[in-house]
Amino acid sequence: MVRFKSRYILFTVHYPVLDDIDAISPSNSSASNVQPRFQTKKAPPLSDGNILPGGKEGNLGKDMRTLLQRRPAPDGVTLNAVNTAFRDAVNRNFGDLGAGLVRASVSLKYFSQATSTGIIRVSRDHYRIVWAALTFLNEIAGVKVMITVDHISGTMRKCEKVAISKNIKVVRELSGDL
Amino acid sequence: MSRMLPTQKAGLWPANKPGHGTKRPAGDANKGRDEFKRVKMMNARTILSQPSESSLKNGQLDVAAFVSSRKYEIQQLSASMRKSKAIQKQQTFQVVPRSLRRRAASHHVRFLPPRFRERAQQEYKDSGVQMTPKKRQRITRLHLRRDTALKLRYFARQRKAYHYNRKRSTYSVGVNELATKVVMERKFKGRQKDKTWLPTHLWHAKRAHMVKKWGYVIPSHPNEKCFRPTHRASQNGSGIVFDTSYYATMILQGNHDGVLNIVNVISKGKACGKTYLLGDRAFEGPIYNVYKEPADDDSIQNAIGEAVIYFEPTTELHDDLATRKSRALIRVHPATFDDTWKMLLSLVKMTREQELHPDPGIEVQDCRFAIGSIDIFGPKSLKVIGHNLRLNLEKDATVHEAWSTATAAGDPKLIPLGAVFPLKFFDPRTISTPSRDRKLSSWEPHDVSKQALIYRSLNEITRHLGSRTPSPLFTIEGRSIRVEHAKIAHGRLQQRRTASSKAVDATSGSQILLKKESLIFIDDVSIPAIMIRRASGGISLLLPWQWVAIFFKKLVIPAYTMYGGLQQSHQILSERMLPYFPDDYPGTSAGLIEEKENMTLHEKVWKSRPKSKKIIYDTLDLRNGEKKGEVGNPFGCDWQYLLRSDAKGVYDPSKQLAKQQKDVTIPDSSAAGSSTDTVTEESSKTPLSAADEPWMITNLSRILSERNKLRKELNLSTALFTVQIIMIGRGVPSPSARVYAIPVKDRSRWMQLKRNRKIVPESSEYPMCPKSGFLIGFITTGGFNLKEGKGSGIASLSWAKVEQNGGFNYRYCIIRDVGERIGRLALYKPL
């Protein structure tokens, strides 16, 4: 009997547009010395639209960037929304064939609103379809998103481990000085 | 674990299913059980998550909340991993790790650890497993009478043994004579007539494949396949434990001068440095057979093998040296014990005859069955020891300090080479929290300054460690500590658990909280042990023989440390490119015997296979212009062939029959490597004279620099030196593979392989294997090296052949497995 092999895709959802953040409260010392110079809905828009500032214009501290890149999901982006969104993406980009190939084996195993991290399970033969669909996905429930795939592996455990190590790194960066 | 309870929004948590994460099933028994299982499965597979409200409040991103939401996710993911692992455990016996499991545990409750038996019993009953039924009581009269008679006889024997044991206060030591061996488990006395069991024999026999070697029954390898687990455990795990009680220990005792003299002679002066004499460090190096010719030269011929020599620490080194009593402990491999013992005995006799200070007289004690040992290898091994064995906290603060620093570090490599810790342990069965319950925190030495600090402090501390505290292990009285019955020890453990852990501080009068480990009862025994940091990077723990089994179990079981056999220690050393005794020492008689045994075994196996399923060596066509057939004896390393064949690779034993009676002459410098008059190989049943056996060079650079001078003194035509082999490109060397030097004209072709990986053995550009005249040695240990990520091995090369075929500076060679046609490029590096 040939075993059924699957791939677990660990992904993070990023939100390039910061409509709903007014300020980042410096509630710990490491962030306190950073001046919040970032794009908000109150401030005038930058020349190239409401995109995440960085580089020479946005003089963000490393803390800021860390936070902004991994912010929690805005209201509309829930587990169900993500679920429907990426299945739609598969359908749109790969048609009925793609959707059919993938439908039986794909499932959203985990999605956290707090950290915008998720794990999708797909069969090994068709995981690239899902991967590509995630790349093309740029809107979930009206919110502009960008999805990066952090890790793909054959077991759930490895994805979980990678997610944990990324979180540890983030926590260390933010609270390491304490 | 503080969980941030999210707001109860439907559809948001847990991540997968709306509603709560855990459920309690309802319903009748069978249905309930299935339902329970299903719910359990569901719960295990669900990962809880938080909704975004918890870190995003009023449009403000709170950094602290952000961090805590990440932490929550970490906790939940870890919990998910644990839960899904636990849910897969179908049965109780699978909770026990595979390496510690007994096979029959799946249907026989007796083979499980006691704490699982009740649970398993229920499970087996439920699942309808065919359990092995209890033995039926034989109730007929004759059987009853017979059984009673057997029982009476058994008890009578037990009583006799009890009295016998009570009389003996000393445990089997032979003074100036061989010790009588200890019989473990008197019930199995019959099986130990011609072999000696290790203290942990029964434990290993149930879990490992045993082999009879050097008069001992030693675990060869665990029942489970463990090539990769061995590598992992030794490289980044909690380590591997070996019972090495088969190493022969001898104690040389007497007046200081005499002892020093003998040690000086057998180690050619190397073991008599100041730090060794003080007992700060243990010497580890070759010892030589002083009765073999030539006896003077200081780094060459006649090494018997490696030994560990440890002087009993003395507090002063100056006054009245000659008469003061001194002891040296010498540990050798059992294969070399006979030679070493004979030599020591004769040296002792000689010293006695010339005795200048007859009191205390010099003597050598055979402590093979009085002192046993456990070897541990691995980066966390010290931690395992620290957590599972209770140290008797010395009044001497130095030992304690060194110990706590060392166990914090965990890695024996941080201890200085040869450092010795004379320690005293309490009965390890009385430790109340073994390391399974405590976390073996992985001390990550990323912090370089911290690492340096620990190294420095260990260095300083261990410098004078030994000189303060001589170990009771040296004396018969010190070793004779009775092992109490397991039930009594268990009772003590209970005592400790229930004893109040609070005490009143004598000085201040206030109540202080004592750790349970610091409770010392009056009748606690203190077992002497010596811990030595070995050259291979592991540690040896010397213990009294009767305590080895108890300590061993306490190191393996609680920490799930791996246990290993001979093959595992071989693998560990070969991964680190170190030679393993005796396989990689063909220059010693132990190595030669080992090789002969292996050859006979291989030949036997080969002969028993049908013709279609084996390689016929006679028909091997190397396609390099020579006649067909394997070079030398195909079943092993044919040292005789190597050393006796001429430049064309021809070795004809029958040719030498006429010259059998002639003595061997040392060849002059112009004819190095050419075939000399020889004694025939073993096939014509004439034993080799001592001058013809290969011997090992231990100091290659010296020989190279003084070769012309030494050529006259030493028989360099039979000299071998050990090298490490690293494959370049593909290929894995097997043991007894042939090592060739590259002929000068072919060198460029072989070097091409390095640059152009596309040249595959099948292609026409791949160079032919060199002719048999270019054979320079054999691989003694070879395999895929998980540490290096490529094939590697240890080989012994013939000095004469290397000199003849290109010299010692060109280090490339070709490796060809026995029975293979293809040679592979490799690099050798002398040790």
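The values are calculated or read from the model by the stated rules, or taken from the named source; none is laboratory data. Owing to the predicted nature of the structure, the values given are computational and were not obtained by experimental measurement. Reconstructed Cβ throughout: ideal geometry from the backbone, glycine too, with neighbour counts over all protein chains shown. Areas reflect the complete protein model, heavy atoms only, side chains present, ligands, DNA and RNA absent. Shrake-Rupley method; radii C 1.70, N 1.55, O 1.52, S 1.80 Å.
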Residue among B:ALA489, B:ALA549 that alone is under 26 Å from B:PHE581 (Cα atoms) and either at pLDDT 65 or above or not small (Gly, Ala, Ser) (or both): B:ALA549
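For the range A:142-164, what are the residues that are open to solvent by 60 Å² or more (accessible area, probe 1.4 Å), within 13 Å of chain B (Cβ to nearest Cβ) and either out of contact with any strand residue (DSSP E or B) (no Cβ under 8 Å at 6 or more places or on another chain) or not basic (Lys, Arg) (or both)?
Quick first cut of the range A:142-164, residues open to solvent by 60 Å² or more (accessible area, probe 1.4 Å) only: A:144, A:146, A:155, A:157-158, A:161.
Filter once more, keeping what is within 13 Å of chain B (Cβ to nearest Cβ): A:155, A:157-158, A:161.
Once the filter is applied, which keeps residues that are open to solvent by 60 Å² or more (accessible area, probe 1.4 Å), within 13 Å of chain B (Cβ to nearest Cβ) and either out of contact with any strand residue (DSSP E or B) (no Cβ under 8 Å at 6 or more places or on another chain) or not basic (Lys, Arg) (or both), the range A:142-164 yields A:THR155, A:ARG157, A:LYS161.
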Residues being within 32 Å of the chain's Cα centre (by Cα) and aromatic (Phe, Trp, Tyr) - total across the range B:785-831: 3
Checking A:PHE136 against (1) away from every other protein chain (no Cβ under 13 Å); (2) open to solvent by less than 20 Å² (accessible area, probe 1.4 Å); (3) not small (Gly, Ala, Ser), the condition it does not meet: (2)
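Given the criterion of a type in the set (S, T, N, Q), within 30 Å of A:SER112 (Cα to Cα) and in contact with a helix residue (DSSP H, G or I) (Cβ under 9 Å, 6 or more places away or on another chain), identify the matching residue among B:SER80, B:SER99. Steps first, please.
Numbers: B:SER99 fails: within 30 Å of A:SER112 (Cα to Cα).
Going through B:SER80, B:SER99 in turn, the sole match is B:SER80.
Please enumerate the residues belonging to the range B:320-337 that are open to solvent by 20 Å² or more (accessible area, probe 1.4 Å), outside any loop (DSSP other than H, G, I, E, B) and modelled with pLDDT under 90.
B:LYS325, B:ARG327
Would you say B:ALA156 is within 30 Å of B:ASP339 (Cα to Cα), at pLDDT 75 or above and open to solvent by less than 80 Å² (accessible area, probe 1.4 Å)? Give the steps one after another, and end with the answer.
Working: within 30 Å of B:ASP339 (Cα to Cα): no; at pLDDT 75 or above: yes; open to solvent by less than 80 Å² (accessible area, probe 1.4 Å): yes.
The answer is no for B:ALA156.
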Elements of type helices (runs of 4 or more DSSP H) contained in the range A:59-178, each with 3 or more residues being at pLDDT 90 or above: A:79-103, A:127-136, A:156-175
Among the residues listed as B:LYS125, B:LYS135, B:LYS85, the single one being at pLDDT below 85, part of a helix (DSSP H, G or I) and over 30 Å from A:CYS159 (Cα atoms): B:LYS125
Scope the range A:80-116; condition farther than 16 Å from A:ASN138 by Cα, open to solvent by less than 30 Å² (accessible area, probe 1.4 Å) and within 9 Å of another protein chain (Cβ to nearest Cβ); matching residues: A:LEU108, A:TYR110, A:PHE111, A:SER112, A:GLN113, A:ALA114, A:THR115
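Applying the selection to the range B:415-429, what residues are in contact with a Leu (Cβ under 8 Å, 6 or more places away or on another chain) and open to solvent by less than 20 Å² (accessible area, probe 1.4 Å)?
Start the filter on the range B:415-429 by keeping residues that are in contact with a Leu (Cβ under 8 Å, 6 or more places away or on another chain), which leaves B:415-416, B:419-426, B:428-429.
Passing the criteria: B:ILE415, B:PRO416, B:ALA419, B:VAL420, B:PHE421, B:PRO422, B:LEU423, B:PHE425, B:PHE426, B:PRO428.
Determine which member of the set B:TYR580, B:TYR585, B:TYR651 is at pLDDT below 85, part of a loop (DSSP other than H, G, I, E, B) and of a type in the set (Ser, Thr, Tyr).
That would be B:TYR651, the only listed residue that is at pLDDT below 85, part of a loop (DSSP other than H, G, I, E, B) and of a type in the set (Ser, Thr, Tyr).
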Filtered residue count, the range B:751-782, keeping only those that are surrounded by 14 or more Cβ atoms within 10 Å (Cβ to Cβ) and in a loop (DSSP other than H, G, I, E, B): 8
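Name every residue in the range B:612-622 that is surrounded by 10 or more Cβ atoms within 10 Å (Cβ to Cβ) and more than 20 Å from B:ASN598 (Cα to Cα), in order of residue number.
Kept after step one, since they are surrounded by 10 or more Cβ atoms within 10 Å (Cβ to Cβ), are these residues of the range B:612-622: B:614-617, B:620-622.
If the condition is that a residue be surrounded by 10 or more Cβ atoms within 10 Å (Cβ to Cβ) and more than 20 Å from B:ASN598 (Cα to Cα), then B:LEU620, B:ASP621, B:LEU622 are the ones that fit.
Which of the residues belonging to the range B:783-820 are part of a strand (DSSP E or B) and open to solvent by 50 Å² or more (accessible area, probe 1.4 Å)?
Filtering the range B:783-820 down to residues part of a strand (DSSP E or B) leaves B:783-785, B:790-798, B:812-816.
Within the range B:783-820, B:PHE784, B:LYS790 meet the criteria.
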